[in-house]
Amino acid sequence: MTSGRPSAPRRAERSRPAVPELIEVETYRRAAEAVVGRTVADVDAPDAWFLKRGASPSLVTDAAAGARVESADRHGKVLLLPLSSGVVLGLRFGMTGRLVVDGGAPIGALEYSSARFDPAWERFGLRFRGGGSLVVSDARRLGGVELDPDTGLLGPDASTITAPQLRCALDGSAAPLKAALLDQHRVAGLGNLLVDETLWRSGLDPARPAGGLDAPEVRRLAGRIRSTVSDLSARGGSHTGDLQDERHRGGRCPRCGEELTRRTLGGRTTYSCPRHQA
DNA sequence: ATTGTGGCCTGCCCGC
DNA sequence: TGCGGGCAGGCCACAA
């Protein structure tokens, strides 16, 4: 699209949903700590499609009913609930998944109108002895529940990734930097918004071959990944980046005013500044 | 093996 | 005013 017009009409100021990337799932994890130590009375799995990797309502019920929640952990975008039965419950939230603990407002509720929380969107739930519940609400059904997820397949968590870990994750890869950072096997926890924000802050072109970064660039990127996660966590979500308001056709670089490049990389819509991301 | 593509799913935005 | 196409993106199956 050619410029000439000042810019596309600015998107309505209405806040956008916080897509569940690492930051949001960490918020869910903290909320889930409220149920640690409780015993599962019953499993509610009304949507069998939501159960992945061979899990079925009866298998999940067998694993969870009567078991105590031992802890609430997270790796990347996966929320892990180890149970006293020895089974670990893995919860993924896809793009629109929310966690509702004890019937309170779903995390991120303030981002939405009340109509967004249709009871029909409840895909999975645990009810606890003595009351309370933990429910996954997901309009789009892109999330899921699995038993004993293999976290060994995931890369190091983005929030604490070190330069050597990042080098290892990117080394020898010809894939675009954007695609490599989205790949949960390489780095766990980053989604589309966080990657674009991080690369913009790093001054790195998302199309650069991932393995082509030199050592200073890898160090810089590792630091930016951590600081971006930390910064946006403090602001309240992965949608609070500096680039966010300009993520639309005709959007402009918040730093230099150049029109942002919009393209598809790693299968995702990618915005970057052609002037200072190289 | 790695990298790329398309499909899943469905609410919602926008243009007609 | 209503309708319908396109868009959103995490994740997986599959293709090259």
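The values are calculated or read from the model by the stated rules, or taken from the named source; none is laboratory data. Here the structure is a predicted model, which is why all the values come from computation and not from measurement. Here Cβ is always computed from backbone atoms with ideal geometry, including for glycine, and neighbour counts include all displayed protein chains.
Here are the numbers for the structure shown:
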quantity	calculated
Selection status of A:R127, basic (K, R) and over 22 Å from the mean Cα position of the chain (by Cα)	yes
The one condition in (1) in a loop (DSSP other than H, G, I, E, B); (2) crowded, with 23+ Cβ neighbours inside 10 Å that A:I225 fails to fulfil	(1)
Those helices (runs of 4 or more DSSP H) lying entirely in segment A:133-208 with at least 2 residues within 16 Å of the chain's Cα centre (by Cα), more than 9 Å from DNA strand C (Cβ to nearest atom) and not basic (K, R)	A:177-182, A:192-202
A:D214, sole failed condition from (1) under 19 Å from A:L243 (Cβ atoms); (2) without any contact (Cβ under 8 Å) to a residue 24 or more places away in the chain	(1)
Some residue of segment A:10-33 being within 16 Å of A:S133 (Cβ to Cβ), more than 15 Å from DNA strand B (Cβ to nearest atom), at pLDDT 95 or above and surrounded by fewer than 16 Cβ atoms within 10 Å (Cβ to Cβ)	yes
Residue check for A:A234: surrounded by fewer than 22 Cβ atoms within 10 Å (Cβ to Cβ) and in contact with a strand residue (DSSP E or B) (Cβ under 8 Å, 6 or more places away or on another chain)	no
Test for A:R275: is it farther than 21 Å from A:E21 by Cβ, more than 15 Å from DNA strand B (Cβ to nearest atom) and in contact (Cβ under 8 Å) with a residue 60 or more places away in the chain	no
Qualifying residue in segment A:45-67 (condition: surrounded by 15 or more Cβ atoms within 10 Å (Cβ to Cβ), modelled with pLDDT of 95 or more and under 21 Å from A:V25 (Cα atoms))	no
